Amino acid sequence: MIVGVLQAELRIDWARSLKDKRRVARSLKDRLCREHRVSVAEVEAQEIHNTLVLGIAAAGSAPGPVLATLDAVERKLGTHEEAELVACQREILRGWAGQIAGKAFTAAGEAELAAEMLARADENGNDQPREEDQA
């Protein structure tokens, strides 16, 4: 599994309120989702009326199509009429989806996955035992 992440900062010089900014943000988010089948969220600077920071994610099974999608999104952001693209940063993540389709995890794989999940829960402060674990 390949996940491409793009963070884009846009400046909306004409915006005088958060209402102006949110109109542009909503329009851009809807358009990008519809035309490029990506996930889009406003990720920073939510209370700054003339700055819009979007996080955009695309997933696929190969890096080529994911990168092509991010390129198209970046081009679209760069030519938007109401906002100027100030900065753009991208990252490609490679995931591990387990065994080939239809095959179960091995016992060692299950143990490794369980240990990693517990470690991540501890890192995030989720060390409270669940009710069913206390019984």
Once the dipole of segment 1-87 is set up from charges on Cβ (+1 Lys and Arg, -1 Asp and Glu), the residue from the list Ile2, Cys33, Ala87 lying farthest towards its positive end is Cys33
So the FRET efficiency between His80 and Met117, C-beta based with R0 = 35 Å and rounded to 0.05, is 0.30
On the formula 1/(1 + (r/R0)^6), with r taken between the Cβ atoms of Arg22 and Ser61 and R0 of 22 Å, the FRET efficiency rounded to 0.05 is 0.05
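Given the Cα-Cα distance of Glu35 and Ile48 and 0.36 nm per residue of separation, how much length would full extension add, in nm?
Value of the extension gain: 2.0 nm.
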Burial-style ranking of 34-42, 63-71, average other-beta-carbon count within 10 Å with highest first, yields 63-71, 34-42
For segment 2-94, the dipole about the Cα centre with charges only on Cβ (Lys and Arg +1, Asp and Glu -1), to the nearest 20 debye, works out at 300 debye
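Please give the length that would be gained between Trp14 and Arg94 if that part of the chain were fully extended, namely 0.36 nm times their separation in residues minus their C-alpha to C-alpha distance (nm, one decimal).
Result: 24.9 nm gained on full extension.
No value in this document is a laboratory result; all are computed from the given coordinates. Small disclaimer: the values here were computed from a predicted structure and weren't measured. Using ideal geometry, Cβ is built from the backbone for each residue, glycine included, and neighbour counts are taken over all protein chains shown.
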